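One structure is given below, encoded as structure tokens.
The values are calculated or read from the model by the stated rules, or taken from the named source; none is laboratory data. The structure displayed is predicted, hence computed values, not measured ones. Neighbour counts run over all protein chains shown; Cβ positions are idealised from the backbone, glycine included.
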Amino acid sequence: MQVFFSIGVDALAYGMVLFIISIGLSVTMGLMRVVNLAHGAFAMIGGYIASYAARDLGLGYGFAIILAVIGTIIIAIPLERFLYRRIYGAPELTQVLMTIGITFCVIGLANYVFGPTLKTIPLPAGLQGPVDLGFRTIAAHKLFAIACGVVVALGLWFLIERTSFGVKLRASVDNTAMAASLGVRTRIVYAASFALAVGLAAFGGVIGAELLPVEPYYALRYMVTFLVVVSVGGAGSIPGALIACLLLGAIDTTGRYLVPEYGEFFFYLAVIAIVWVFPRGLLGRAK
Amino acid sequence: MKKLILAAAAAILLGGAAYADVIKIGVVGPFSGPFAIQGKNFKAGIDAYIATHGNKIGNDTVEILYRDVPQADPAQSKALAQELVVKEHVQYLAGFYFTPDAMAVTPLLQQANVPLVVMNAATSAIVTKSPYVVRTSFTTWQTSAPMAKIARERGVEKAITVVSDYGPGVDAENAFKSTFEKDGGKVVESIRMPLSTNDFSPVMQRVRNSGAQAVFAFLPSGPTTLGFVKAYNENGLKEAGVQFLAPGDLTQESDLPALGDAALGILTTFHYAIAHDSPENKAFVAAAQKAIGNPAELSFPSVGAYDGMHVIYKMIEATGGKQDAKKAVDAVKGLAWESPRGPVSIDPETRHITQNIYLREVAKAADGTYYNKEIKTFEKQPDPGLAAAK
């Protein structure tokens, strides 16, 4: 029983970190229909900004997060205006080629500017060290990550399903021409959703930095995992991404605890099985 | 008359060529991509050697040609080595961060009449693949086995090993396990984790449940190490008194700033620490830090490269700049010198470096930086891995 709870807590924490980083990708892929392979690069930029703000400028953790999110969005705005706007609605291969190109540029620049060493984001005293849960100890920042995941999930669900912006976004995605003729300024809606997705990536990059440390190759190293989460959950579905993260987190963690010598066998077995049964992902929308 | 002029011209050309040769050395390593920092360290070690010893040996000038293999890629390494030998006419091959890359090149050496000086790749068997291989780095067996002795000395009865599931990880596990059990200890469990593991919490829980007094770990240096050491602290293993033991790859100097306080007190055994206290090392570190640019990036592959250059210089001296791989390799068999890491020699039988292995503890210096503090020396350690393989 203790083993069960122990695995459960780890799985929840890992799943939530995955969720925070991947949900932005789910928004770009599912709602904006852009296969954005530069998503990991934006998460990494967020991590670098937070690390620089907290370590070199000596700002607090909260400020570092805010600065990372805003800074990454500012960097992303010209990219959206001059590069991404050309590939909305373009064939997937075009999108893949351009975004992977951006990723390689970002890796090169990060390597040049910050060097190849690992960068950490110092945690405030309250999030450092272990917390005793009675049956085991867990890192305080993992509890923080779980809380952030819940807030992000609820906030996004509310934004997309319950606000007028969400209505406009869904309308623009489903039929851009019709939405525009009804007075929705689709360009601005797209730019805003892109900024939202990038901001979420940066936020995830900072929150997840304890598990996925920031270094230049971050942008590609974890991209497969993010893509798996989106395809299993169903692109564009927030509950889908959440379920996918928790499920994959649980499978991965359990496998690693009980039979580590199998590696990621069970993780990918589960992915194959889910995509086989649900080709659009768990809660993906039919096109 | 025409013939005479031609003959004279040929004589001048040939004579000129024999007098001041350019001796080319081809260095293969990861200079871009996720392991770029290790390639940078190769270059820093080589540059430091040339800066302190000059680029001339007699009348011959040394020229280094770098070739980039970003990740372990045996086919690409072999192709680049072939290009270096055939097109660039290099007399020596050197570098090689990954074992499979070095292995792929060994079949070329005999025919090409080129010695290979391995500056990092740490699997014991490489030197057996060709009589023209000399290694100036270390082997995972060499650096891991002394840790088992330390564990026994410190009264550890039961240990658990946790390694990344790839060649060097398995080497480290075998080295620790065989030495530890020979000395009367018991390895209660051996965990092999996939290389791509990010979340080490479940592993730490297993370590805790195993009841071991110490955990021996091996992971490739870099991002995974950070997560692993953090998970060790956060899961309360430090408080529970489970001693953390590892070879020095885990606490390489370029990772220490990121590891920070989490690494304090970790015991590692390794052949080189930047903090090693000797005049040779102080001179080396000064030159290498200048070469690499950012002093925080300097780490152990640089010393393998520096000593590799020393061996190549000795080979060039012995052959007088002529291409003769057998003579070159024979000349350095038994060669002993004072390296930045301490006294070393090339074992005439294995052509692997015999060196001191140090027990180190991660400590904090007065200026707030972290370093590997050497607290014990195992003198003149050969490679136990080759003996074990036989």
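A few notes on this one:
- Considering only residues in the range A:133-152 that are over 16 Å from A:Met16 (Cα atoms) and facing another protein chain (nearest Cβ under 8 Å), the one that is surrounded by the fewest Cβ atoms within 10 Å (Cβ to Cβ) turns out to be A:Arg136.
- Looking across the range B:61-84, the residues that are touching a Ser or Thr at 6+ places or on another chain (Cβ under 6 Å) and either among the aliphatic types (A, V, I, L, M) or assigned to a strand (DSSP E or B) (or both) come down to B:Asp68, B:Val69.
- The selection criterion, being buried (at least 20 other Cβ atoms within 10 Å of the Cβ), away from chain B (no Cβ under 11 Å), of a type in the set (Val, Ile, Thr) and assigned to a helix (DSSP H, G or I), holds for A:Thr103.
- For the range A:106-121, the tally of residues that are at the interface with another protein chain (Cβ under 9 Å from one of its Cβ atoms) and either surrounded by fewer than 15 Cβ atoms within 10 Å (Cβ to Cβ) or in a helix (DSSP H, G or I) (or both) stands at 3.
- In the range B:190-215, residue farthest from the other protein chains (Cβ to nearest Cβ) [restricted to those that are in a helix (DSSP H, G or I) and under 28 Å from A:Val224 (Cβ atoms)]: B:Val207
- Residue count for the range B:103-139, restricted to those that are part of a loop (DSSP other than H, G, I, E, B) and either among the aromatic types (Phe, Trp, Tyr) or free of Cβ contacts under 8 Å to residues at least 12 places away in the same chain (or both): 2.
- Any helices (runs of 4 or more DSSP H) falling wholly within the range B:272-390 and containing at least 2 residues that are charged (D, E, K, R): B:279-292, B:301-319, B:325-332
- Of the helices (runs of 4 or more DSSP H) contained entirely in the range A:1-96, those carrying at least 2 residues that are more than 30 Å from A:Ile138 (Cβ to Cβ) fall at A:61-79.
- Identity of the residue in the range B:237-258, in contact with a Lys or Arg (Cβ under 8 Å, 6 or more places away or on another chain) and at the interface with chain A (Cβ under 10 Å from one of its Cβ atoms), that ends up farthest from B:Gln205 (Cα to Cα): B:Ala258
- Test: residue in the range B:238-256 that is surrounded by fewer than 21 Cβ atoms within 10 Å (Cβ to Cβ), free of Cβ contacts under 8 Å to residues at least 24 places away in the same chain and not assigned by TED's automatic domain parsing to the domain that holds B:Thr224: no
- Within the range B:259-272, tally of residues that are buried (at least 20 other Cβ atoms within 10 Å of the Cβ) and at the interface with another protein chain (Cβ under 9 Å from one of its Cβ atoms): 1
- Number of the condition not met by B:Val203 [criteria: (1) hydrophobic (A, V, I, L, M, F, W, C); (2) in contact (Cβ under 8 Å) with a residue 40 or more places away in the chain; (3) touching a Ser or Thr at 6+ places or on another chain (Cβ under 7 Å)]: (3)
- Matching residues, the range A:202-217, being more than 8 Å from every other protein chain (Cβ to nearest Cβ) and either part of a helix (DSSP H, G or I) or of a type in the set (Gly, Ala, Ser) (or both): A:Ala202, A:Phe203, A:Gly204, A:Gly205, A:Val206, A:Ile207, A:Gly208, A:Ala209
- When A:Arg81 is tested against the conditions (1) among the charged types (D, E, K, R); (2) in contact with a helix residue (DSSP H, G or I) (Cβ under 6 Å, 6 or more places away or on another chain); (3) more than 22 Å from A:Leu159 (Cβ to Cβ), the lone failure is (2).
- Only listed residue being under 19 Å from the mean Cα position of the chain (by Cα) and hydrophobic (A, V, I, L, M, F, W, C), chosen from B:Ile375, B:Ile357: B:Ile357
- Hits in the range B:169-187 - residues which are surrounded by fewer than 24 Cβ atoms within 10 Å (Cβ to Cβ) and in contact (Cβ under 8 Å) with a residue 40 or more places away in the chain: B:Gly169, B:Asn174, B:Ser178, B:Thr179
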